[in-house]
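Note sheet for the following structure.
The values are calculated or read from the model by the stated rules, or taken from the named source; none is laboratory data. The structure displayed is predicted, hence computed values, not measured ones. Note that each Cβ is placed from the backbone with ideal geometry, even for glycine, and that neighbours are counted across all protein chains shown.
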Amino acid sequence: MATYLLNRLWQSLATLFLASVVVFVGVRALPGDPALALAGEEADPATLAAVRADLGLDQPLVAQYGAFVKNLLQGDLGTSIATGVPVTDLIATTLPVTLWLSLYAVTIAIVVGIGAGVAAAVHRGRWPEWFANGFTLVGLSVPSFWLGILAILYLAVGLRWFPASGYVAVSEEPLRGLYYLTLPAVVLGTALAAVVMRQTRSSMLDTLSADYVRTARAKGLRNRHVLTRFALRNSLIVVVTIIGLQLGGLVSGAVVTERIFGLPGFGKLTLDSVFTRDYPVIQAVVIITTFAYIVINLAIDLLYSLINPRIRVGGSTR
Amino acid sequence: MPSAASTPLLRITDLEVSYHGTPVLHGIDLTVAEGERVALVGESGSGKSTTAAAVIDLLPAGGAVTRGRIEYRGDDVTHADDKRMRRLRGRQVGLVPQDPMSNLNPATRVGKQIAETLVAHGVASGREARKRAVELMGEAGIPDADKRSKQYPHEFSGGMRQRVLIAIALACEPDLLVADEPTSALDVTVQRRILDHLETLRSRRGTSMLLVTHDLGLAADRADRVVVMQHGRIVEDGPAHELLRDPQHEYTRRLVAAAPSVSTATRTGAVATSDEDPQQDKGLEPILVAEHLTKEYSVRGRRERLTAVDDVSFAVRAGTTTAVVGESGSGKTTVARMVLGLETPTSGEVRVAGEHVATAKGAQRRAIRRAMQPVFQDPYASLNPMFTVEHIVDEPLRVFDVGDRRSRRARVAELLDHVALPRDLAQRHPNELSGGQRQRVAIARALALDPRLVVCDEAVSALDVLVQDQILTLLGDLQRDLGLSYLFITHDLAVVRLVAHDVLVMQQGKVVEAGTVDDVFERPGSDYTRELLAAIPGADVFT
């Protein structure tokens, strides 16, 4: 187990390093100049040069990268070129918004997706399956921005059930905070719920016809026990993998959703920093996103070995 | 008819089971008396497993009892509610399913899977149930039961898993055991040990048994009464030994005649003796020579290498059959793969018609491939489902650029004649054919290039006895007509006696015995061979 974790840690560091290089070079390859954005279109070459020197952009690329990594290791992500605020502060205010939103969306997706998937498999050929299949089709084919607009139009503006925009920190006022996040979370979670539902349904159908499920029935076990302990437990092995793969997509989904609902989150910060060519912020955002991916994947792998005894990490089994 | 006292334990009257409205069982009448062992025998599709599944209401989706009654101790359970059915399952009727590899929950510890049954029926709970589960595992013959009860199914061998399933079935001491092909997925020696053990446990408790099997020999050995089924009907029913010695119904007669274990005793070396001493044929050098074949694999996470095949030498004389016999893990399939050039030996060599298989290059290698063709075990998996029969049989000809389109078409027709398939089958796809027909197609494909050697890897193991008998006869005819040589890989000693001239017995990668079939069968030199021979089900019934 320890060797396994150490190995994974090592791989993660390598991934982070590669990501930092790619983003560092990639950002600078983009058309557009932050000095120009900062100094204004009319600025004369001397002013531009001064601004560049001030930002350290006149240094060779390797030196710039070296300084970036050195600061990064000290926990200093630099200062936003556009706003002059330390990047760490920007992230500290925006990241919780996105984390709450994502957590909420994933929870909705898992509860709805697994629930509907199980119902569809158990009641095969009857209304729960048709309903679930219809939901999957809609969830997968309707783009989230359109779903978001519809939600605002009918549920917020029309019925006035939910606020159309705005944000209340969940850490300060949990209930109101979640209330404000409900519509965005539903919009963000719908596609994931559809994927989870489809996967749950098909692996439940597989396991329900498995020999060991029949044997479980032959033991005289209660139907609910057979469904949860035998069929669902084994179905989840596949479902968890799919959820893990899908979680990454949640980050890009959050960018769109936050935009629609005007949430001051990480996605909005990402988008704004790209528009203003705010190099330090873009870099920080990508590094943190990469880090999130790595942590999620590690968590999923560990969870996976927990549900599936055949994949106990560390190779202790035969 | 059995001496059923007042009420039999299980009585099935006029049972009809339908799948999606189509009846597959047509009026089954069957009783199992207290303490009686009844074997349901028939080919696949005869309805024997459906009958067993109907008893505990576990028919596959789409199946339903559409007529008749099932009574347990006089209590009608035909359309019983869920609560009544749960009491029947596990508590009153225990099920030993067919495939030990797929019948245990892969995500739950074995001990818990046994304890679950006890808990569900209120026989024991908590720590007591776990303790009892360990005892049951011990009784089922699992060594070190305490430790092993905490392991998962994937840490058990097939035989050990089947013992776990037996422990589950017997956990609540049911009065009736339904055993659906309980050992057909296991090696013969393992099968014998497990069935012996099951018999000990069963007789101690006086449990009745409904044994479903395709193996007449097994039925003869393990049952008091045999019920023969065909096309969803019972065609014959009687005391085991009597029925198999003197079958009345025409279908039973055919089954008995085709059963290899029977033939072993009665038609000693049918194919072998029909060939007039083939080794004197022109004094040819053997078509296939394997010398000191060794194959080692490195296993991940272990330092020592696994030796799958250890110094194996043999020869196949032209126009004869050499059988390689062994249980799973004996290395017999690896030998076949090395002969076919699909694996490279770690050391040693294979020569086909004098050419080295491993080192041959280019044209030479193609010539060897042409001279040697395989027929694999599972005709459902080894034929491309997207191709027509003609395309499948024609493929080797196209690969080797033999003839033009018209001559190839004629050749396919000729090959289909050889394997006794009607020519109009050529345009069909494999899924439209039966298992036996598919295996004939596989043989036709193997013959397309006029090979001198055919490597049959468990080529008849997946087939029903009657079909198996037909295919073996076909292989014999082809050998006589075309002078083919066979390397015949099998786990079934009974089949060996029917088809082979020479035999090689393998155990754990080594040859433990080699010689002519008569020598090995009449005067087995090694304990292992003797054990294998003794494990052939039903051998003593027919001798």
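Limited to segment B:149-171, what total is found for residues that are more than 17 Å from residue B:101 (Cβ to Cβ) and surrounded by fewer than 24 Cβ atoms within 10 Å (Cβ to Cβ)?
2
For segment B:488-543, give me each residue that is without any contact (Cβ under 8 Å) to a residue 40 or more places away in the chain, part of a loop (DSSP other than H, G, I, E, B) and out of contact with any Asp or Glu (no Cβ under 8 Å at 6 or more places or on another chain).
If the condition is that a residue be without any contact (Cβ under 8 Å) to a residue 40 or more places away in the chain, part of a loop (DSSP other than H, G, I, E, B) and out of contact with any Asp or Glu (no Cβ under 8 Å at 6 or more places or on another chain), then B:523 is the only one that fits.
Could you tell me whether segment A:157-178 includes any residue that is assigned to a helix (DSSP H, G or I), surrounded by 15 or more Cβ atoms within 10 Å (Cβ to Cβ), away from chain B (no Cβ under 14 Å) and within 21 Å of the chain's Cα centre (by Cα)?
yes
Are any of the residues in segment B:44-51 over 20 Å from residue B:176 (Cα atoms), surrounded by fewer than 16 Cβ atoms within 10 Å (Cβ to Cβ) and touching a Leu at 6+ places or on another chain (Cβ under 8 Å)?
No, segment B:44-51 has no match at all.
Which ones in segment A:106-160 are in contact with a Pro (Cβ under 8 Å, 6 or more places away or on another chain) and hydrophobic (A, V, I, L, M, F, W, C)?
A:116, A:119, A:120, A:122, A:156
If you scan segment B:445-464, which residues turn out to be assigned to a helix (DSSP H, G or I) and surrounded by fewer than 23 Cβ atoms within 10 Å (Cβ to Cβ)?
Within segment B:445-464, just B:447 meets the criteria.
Give the residue that is surrounded by the most Cβ atoms within 10 Å (Cβ to Cβ), with candidates limited to residues of segment B:483-495 that are within 15 Å of residue B:516 (Cα to Cα) and modelled with pLDDT of 90 or more.
Applying the filter and picking the extreme gives B:488.
Collect the residues in segment B:322-369 that are among the hydroxyl-bearing types (Ser, Thr, Tyr), closer than 20 Å to residue B:446 by Cα and touching a Ser or Thr at 6+ places or on another chain (Cβ under 7 Å), keeping them in residue-number order.
The answer is none; no residue qualifies.
Run down A:239, A:251 and say which single residue is away from every other protein chain (no Cβ under 14 Å) and either crowded, with 22+ Cβ neighbours inside 10 Å or not aromatic (Phe, Trp, Tyr) (or both).
Being away from every other protein chain (no Cβ under 14 Å) and either crowded, with 22+ Cβ neighbours inside 10 Å or not aromatic (Phe, Trp, Tyr) (or both) holds for just one of A:239, A:251, which is A:251.
Answer yes or no as to whether residue B:530 is farther than 25 Å from residue B:376 by Cβ and more than 19 Å from the chain's Cα centre (by Cα).
yes
How do the helices (runs of 4 or more DSSP H) wholly within segment B:107-214 filter down when requiring 3 or more residues that are within 12 Å of chain A (Cβ to nearest Cβ), acidic (Asp, Glu) and over 21 Å from the mean Cα position of the chain (by Cα): which remain?
Fully inside segment B:107-214 and qualifying: nothing.
Kindly establish whether residue A:138 is loosely packed, with under 14 Cβ neighbours inside 10 Å, over 20 Å from residue A:263 (Cα atoms) and either β-branched (Val, Ile, Thr) or touching a Cys at 6+ places or on another chain (Cβ under 9 Å) (or both).
For residue A:138, the condition - loosely packed, with under 14 Cβ neighbours inside 10 Å, over 20 Å from residue A:263 (Cα atoms) and either β-branched (Val, Ile, Thr) or touching a Cys at 6+ places or on another chain (Cβ under 9 Å) (or both) - is met.
For segment B:426-435, what are the residues that are in contact with a helix residue (DSSP H, G or I) (Cβ under 6 Å, 6 or more places away or on another chain) and surrounded by fewer than 19 Cβ atoms within 10 Å (Cβ to Cβ)?
The one that is in contact with a helix residue (DSSP H, G or I) (Cβ under 6 Å, 6 or more places away or on another chain) and surrounded by fewer than 19 Cβ atoms within 10 Å (Cβ to Cβ): B:428.
Within 12 Å of chain B (Cβ to nearest Cβ), surrounded by fewer than 23 Cβ atoms within 10 Å (Cβ to Cβ) and without any contact (Cβ under 8 Å) to a residue 12 or more places away in the chain: is that true of residue A:217 in this structure?
yes
Which ones in segment A:181-198 are of a type outside the set (Gly, Ala, Ser) and within 19 Å of the chain's Cα centre (by Cα)?
Passing the criteria: A:181, A:182, A:183, A:184, A:186, A:187, A:188, A:190, A:192, A:195, A:196, A:197.
Looking at segment A:238-256, which of its residues are in contact with a Phe, Trp or Tyr (Cβ under 7 Å, 6 or more places away or on another chain) and among the β-branched types (Val, Ile, Thr)?
A:240, A:241, A:256
Do you know which residues across segment B:45-73 are in contact with a helix residue (DSSP H, G or I) (Cβ under 8 Å, 6 or more places away or on another chain) and in a loop (DSSP other than H, G, I, E, B)?
Those that are in contact with a helix residue (DSSP H, G or I) (Cβ under 8 Å, 6 or more places away or on another chain) and in a loop (DSSP other than H, G, I, E, B): B:56, B:57, B:58, B:59, B:60.
Which of the residues belonging to segment A:179-206 are within 14 Å of chain B (Cβ to nearest Cβ) and surrounded by 24 or more Cβ atoms within 10 Å (Cβ to Cβ)?
Within segment A:179-206, A:204 is the sole residue that qualifies.
If you check residue B:480 against the conditions, is it modelled with pLDDT of 90 or more and in contact with a Gly (Cβ under 8 Å, 6 or more places away or on another chain)?
No.
When you scan segment B:59-97, how many residues do you find that are modelled with pLDDT of 90 or more, within 9 Å of chain A (Cβ to nearest Cβ) and under 16 Å from residue B:25 (Cβ atoms)?
Total satisfying the criteria: 0.
Search segment A:273-284 for residues being in contact (Cβ under 8 Å) with a residue 60 or more places away in the chain and in a helix (DSSP H, G or I), and hand back the single one that is farthest from residue A:37 (Cα to Cα).
A:284
So, of the residues in segment B:87-105 that are over 13 Å from residue B:57 (Cα atoms) and among the hydrophobic types (A, V, I, L, M, F, W, C), which turns out to be surrounded by the fewest Cβ atoms within 10 Å (Cβ to Cβ)?
Per the criteria, the residue is B:101.
Hey, among the residues in segment B:366-389 that are charged (D, E, K, R) and within 19 Å of residue B:489 (Cα to Cα), which one's modelled with the lowest pLDDT?
So, considering only residues that are charged (D, E, K, R) and within 19 Å of residue B:489 (Cα to Cα), the one modelled with the lowest pLDDT is B:378.
Return the only residue of A:82, A:67 being aliphatic (A, V, I, L, M) and either surrounded by 15 or more Cβ atoms within 10 Å (Cβ to Cβ) or closer than 21 Å to residue A:274 by Cβ (or both).
Criteria check complete, one pass: A:82.
Residues to consider are B:348, B:326, B:331; find the one that is small (Gly, Ala, Ser), surrounded by 23 or more Cβ atoms within 10 Å (Cβ to Cβ), touching a residue at least 40 places away in the same chain (Cβ under 8 Å) and under 11 Å from residue B:295 (Cα atoms).
Testing whether each residue is small (Gly, Ala, Ser), surrounded by 23 or more Cβ atoms within 10 Å (Cβ to Cβ), touching a residue at least 40 places away in the same chain (Cβ under 8 Å) and under 11 Å from residue B:295 (Cα atoms) leaves just B:331.
If residue B:473 meets every condition in (1) crowded, with 21+ Cβ neighbours inside 10 Å; (2) in contact with a helix residue (DSSP H, G or I) (Cβ under 9 Å, 6 or more places away or on another chain) apart from one, which number is that one?
(1)
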